[in-house]
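The values are calculated or read from the model by the stated rules, or taken from the named source; none is laboratory data. Fair warning: this is a prediction, and the values are worked out from it, not measured in the lab. Reconstructed Cβ throughout: ideal geometry from the backbone, glycine too, with neighbour counts over all protein chains shown. The area values use the complete protein model at the heavy-atom level, side chains included, leaving out ligands, DNA and RNA. Shrake-Rupley method; radii C 1.70, N 1.55, O 1.52, S 1.80 Å.
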Amino acid sequence: MKGRLTLVTLLAAGFLAAPLLVRDARAQGKAKVVEAKGATKVGGGADANIKTDRAPNSQNARGHMTAPEAKGGPKSRGTTSTLHIDNHTEWYVDIYVDGDYIGQVGPYGDGIAYASPGRHSLYARAPFDNGDALTWGPQSDYISGDYTWRLN
């Protein structure tokens, strides 16, 4: 699954389930930080930026995902990039990569996932009980090295 995001770790503040650089940040000794301001989306209904929404865990689905190298899985043949979601809001934010739900970051929290280098689309959504939502993206870029997406 070259170019797909793989969940590897959980961090504080509710990141529950497990981007954009043209040159390798590790080679440069720097990490890239990209800030995004939320936009209000009024009303409910389907969101065209979401292909697969979150689903409950299934007890029968054990063994469907191989652990990444950092978590004791097989050694990777290629490089791995780090995706850091930095939530600077008071909301629970659902995170989508390439339209697929990968997790949630709690208020003022952080989430970490590892990704294969490549172009990915980032989208984040904080739904409200009245059907409105605060959204970030979609934003497409090349993930390589250490990448932080800061949500304001």
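Things to note:
Here's the yes/no breakdown for (1) open to solvent by less than 20 Å² (accessible area, probe 1.4 Å); (2) under 23 Å from Glu69 (Cα atoms); (3) not hydrophobic (A, V, I, L, M, F, W, C):
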{"residue": "Asn87", "(1), (2), (3)": "yes, no, yes"}
{"residue": "Glu90", "(1), (2), (3)": "no, no, yes"}
{"residue": "Pro107", "(1), (2), (3)": "no, no, yes"}
{"residue": "Gly118", "(1), (2), (3)": "yes, yes, yes"}
{"residue": "Arg125", "(1), (2), (3)": "no, no, yes"}
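- The number of residues in segment 40-49 being open to solvent by less than 50 Å² (accessible area, probe 1.4 Å) and either modelled with pLDDT of 80 or more or part of a strand (DSSP E or B) (or both) comes to 1.
- Residue in segment 58-69 that is in a loop (DSSP other than H, G, I, E, B), modelled with pLDDT of 75 or more and either among the hydroxyl-bearing types (Ser, Thr, Tyr) or surrounded by 10 or more Cβ atoms within 10 Å (Cβ to Cβ) (or both) present: no
- If you go through segment 127-145 and keep only what is closer than 12 Å to Asp47 by Cα and open to solvent by 70 Å² or more (accessible area, probe 1.4 Å), you end up with just Pro138.
- Among residues of segment 100-119, those that are more than 12 Å from Tyr147 (Cα to Cα), part of a strand (DSSP E or B) and out of contact with any Gly (no Cβ under 7 Å at 6 or more places or on another chain), counted: 5
- Scan of segment 99-112 for residues that are aromatic (Phe, Trp, Tyr) and under 9 Å from the mean Cα position of the chain (by Cα), ordered by number: Tyr101
Results for (1) more than 13 Å from the chain's Cα centre (by Cα); (2) more than 15 Å from Glu35 (Cα to Cα); (3) not hydrophobic (A, V, I, L, M, F, W, C), shown as yes or no for each residue.
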site	(1), (2), (3)
Val97	no, yes, no
Tyr114	no, yes, yes
Leu122	no, no, no
Phe128	yes, yes, no
Gln139	no, no, yes
